[in-house]
1. Looking at region 96-119 only, could you name the residues that are closer than 16 Å to N53 by Cβ, in contact (Cβ under 8 Å) with a residue 24 or more places away in the chain and either surrounded by 11 or more Cβ atoms within 10 Å (Cβ to Cβ) or not assigned by TED's automatic domain parsing to the domain that holds I56 (or both)?
2. Restricting to region 80-95, and then to whatever is in contact (Cβ under 8 Å) with a residue 40 or more places away in the chain and farther than 16 Å from V50 by Cβ, can you tell me which residue is surrounded by the most Cβ atoms within 10 Å (Cβ to Cβ)?
3. What are the pairs, 6+ residues apart or on separate chains, where a residue within region 37-66 that is at pLDDT 80 or above has its Cβ under 9 Å from a residue that is exposed (fewer than 10 other Cβ atoms within 10 Å of the Cβ) and assigned to a loop (DSSP other than H, G, I, E, B)?
Amino acid sequence: MKKSIKIILSVFVLLCMIFIIINIRDSASKKSTFKSVLADVDTNTVSLIVIKNKNITNGIDLVKTDSVWNIIYNNKTFLVDKLMIDSILQQIDIVKPRRIASKQKISWAEYEVNDSLGTLVSIYDQKNKK
C-alpha cells in the first residue's frame, strides 16, 4: 500500500511540474504587443496638433507660432488660451490604455475606432515629426 501511494504521489508531482513548465513557456511566448503608453509627448516641443473625425470635414489644426497658439478651421484663425492647450497635452499624456476593445475589424465601428467613426489626433514637434 505504501509503495502505490508513493507512485501515485510521484506521478502527481511530475504532472504538476510539467503543467508549470508548459504554462511558463506559453506565457513567455505570448508577449503582449499592447502598448502600455499611448503617446510619449514632449509638451515643450509640440508645435502642431491636428484633430480629425467624421464631424470635422477638414480637421482642426492647433498651431503654435512663437509662443502663441491658434486654431485654424475652415481657413479661419482663432486665438487659443495657452492653458487650454496645456490641458489638452496633459490629458493626452496621462491617458493609459487599459485593454484592447476588439481585434476584429468588424467590431471597430461598434467601438467607434474605425477610420470613419474614430477621432484621430496627430501631434507634431517643431520639425513636423509625429
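The values are calculated or read from the model by the stated rules, or taken from the named source; none is laboratory data. Here the structure is a predicted model, which means the values were calculated and not measured. Quick reminder, even Gly has a Cβ in these numbers, built from the backbone with ideal geometry, and neighbours come from all protein chains shown.
1. Of everything in region 96-119, those that are closer than 16 Å to N53 by Cβ, in contact (Cβ under 8 Å) with a residue 24 or more places away in the chain and either surrounded by 11 or more Cβ atoms within 10 Å (Cβ to Cβ) or not assigned by TED's automatic domain parsing to the domain that holds I56 (or both) turn out to be L117, G118, T119.
2. D93
3. The qualifying pairs are T45/K127; S47/K127; S47/N128; L48/N128.
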